[in-house]
Amino acid sequence: MANLNILHGVFFLVSVQYVAANEVPRSCEDVLGHYAGTVFKEGVYTIDPDGAGGVDPFQVTCTTRDDIPGHGVTLVPHQFGVEPLPQHYQGPGERSRYASFDYKPTEEQLDSLTRISGKCRQYVRLSTIHSENFLKSPWWMSRQGWNMTNWGGAPTNSSKCACAMQDRCDGENMDCNSKLNDYLLRNDEGFLDDKRYLPVKQVPVGDLDDDGEEAFLMVKPMECYGDMVSGPPTEKCLCSLHAEVKGSTKAGPLLYELPYLIYGQGHNDVWIDDGNRKKKVTDVYPQFFNTRKRRQLLPSISVASGISPECFNALQSCPVDCERLAKLTLATKPLTTKITNGGIQKPLGQMMCENAGVTIPPPGSRIVAFYKTAPACGFSGSSTHLAGNTTICCNVFTLPFTNQVYNYFNEKCVQNVDLGTIFGSG
């Protein structure tokens, strides 16, 4: 038996060295996979979620959980450890206290982990006695430093706690138990599970300036598990370029139809459809996601519960992505650039003017990107200005004798321009 124990110990050591030194697992799911058919042991491992050439590998704690069997769970503890104790606050003193949580991985490293994980969650609990909380923003602060207004067990920025979602709050018409300012122990607890904003960086605890006011705060490590499933792209974001309606936020005449953006389940599972075939957006525009605005999308819309991941991605990302697609489309193409349309080469501005079919007199109209989600997710439309001051002028000319109306691009964008000037023969 002693020899068997020695052999088991040697096997475990070799397995850890193999995982750590030779393949550098992406997450604890991979670590668990290496122990298939053997004994998995909780411990500290080095992971590299985005692989070689990305952000530096970093250390996490790998474990399992009874409520999510079959998964290797990646724990990211803060400075208070893997099994932190509740933090106790008591009055009298400053009315508001701020509990901050520091993590060894950088924001970029945390981002790489949450992106490849199917789910991430972080258990939080606030217990209060005669201490009124959750009355104003923020309720907690995200890893990006953004103010969030929800608590464990409630949707992102819903201004609710778990008890409201389950219709079991202690007080009538209450969204959180901790809003009750009495001498009974009140608890609000549950998992924050929007991985885009985890882990928790700070929690304010309020109403601690008088005797008898107490609060107990528990924030456990972030837990990530599973793999991000990239489902087939389904939900469409309709993007187009329009002439700006002066004095209005509405988009005017259509100038140019951009390819559809189609969303799958993953954060970066975005495809482009030009009417001929679908391609990964990064195959067409490799730098599509490389903007801080795209990487750190903050919820700005109200989304009904139960909506599909594809719909959420479309509703959330469509405005930013349409603007990005428009900028990339025009980034290296002045309006005088000749493009092929229907087998005929013509300036981009000429094609836009033909599409618009109206006069756009000098000094011209700015070009705006217009977005609209497909019906399956509910319509939502708006316009956003492109960077710089890209303007277009169009003239309408009636041909003699035939009375045929002809739209042409006025690249000079000045008053009283004739056809000869436009086409460079005058």
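Counting only other residues whose beta carbon sits under 15 Å from that of Phe40, what net charge do I get with K and R as +1, D and E as -1? Summing Lys and Arg as +1 and Asp and Glu as -1 gives -2.
Label sites at Lys246 and Lys346, each approximated as a point 7 angstrom past Cα along Cα to Cβ, lie 2.5 nm apart. Cys377 sits among other residues whose Cβ lies under 12 Å from its own Cβ, and their net charge, with Lys and Arg +1 and Asp and Glu -1, is 0. For Lys250, a cut-off of 25 angstrom between C-alpha atoms picks up these lysines, skipping any fewer than 8 places away in its own chain: Lys236, Lys293, Lys327, Lys333, Lys372. The H on the amide N of Ser240, modeled in the peptide plane, is under 5 Å from the matching H of Leu258, Phe370, each at least 5 residues off or on a different chain. In plain terms, the residue of Val219, Val396, Val203, Val55 with the fewest other Cβ atoms within 10 Å comes first and the most crowded comes last, giving Val396, Val55, Val203, Val219.
Label-to-label distance for His88 and Asp211 is 1.9 nm, based on points extended 7 Å past Cα in the beta-carbon direction. The string of couplings for region 338-353 from the Karplus curve (6.51, -1.76, 1.60, θ = phi - 60°) is 7, 10, 9, 9, x, x, 10, 8, 7, x, 4, x, 5, 5, 5, 5 Hz, one whole number per residue in order, with x for Gly and Pro. Karplus-derived 3J(HN,Hα) values for region 188-200, using 6.51 cos²θ - 1.76 cosθ + 1.60 with θ = phi - 60°, are 10, 8, x, 9, 7, 9, 8, 5, 5, 10, 7, x, 5 Hz; glycine and proline are entered as x.
Taking amide H as placed 1.01 Å from N in the peptide plane, the amide H of Asp269 sits under 5 Å from that of Gly264, each at least 5 places away or on another chain.
For Lys119, the amide hydrogen comes within under 5 Å of the amide hydrogens of Tyr225, counting only partners 5 or more places away or on other chains and with H modelled in the peptide plane. Taking 10 °C and 1.306 mPa s as conditions, region 2-227 diffuses translationally at an estimated 84 µm²/s according to Stokes-Einstein applied to its Kirkwood radius (Cα pairs).
So, counting K/R as plus one and D/E as minus one, what does the shell of residues with Cβ under 15 Å around Gly171 add up to? So the environment of Gly171 carries a net charge of -3. Stretching the chain fully between Thr64 and Asp167 yields a gain of 34.0 nm (0.36 nm per residue, less the alpha carbon separation). Each 10 Å bin from zero holds the following percent of Cα-Cα pairs in region 121-172: 22, 58, 19, 1.
Any read-out appearing in this document is the output of simple, stated calculations on the displayed coordinates, not a laboratory observation. If you're wondering where the values come from, they're calculated on a predicted model, not measured in any experiment. In this analysis, Cβ positions are derived from the backbone assuming ideal geometry, glycine residues included, and neighbour counts consider all displayed protein chains.
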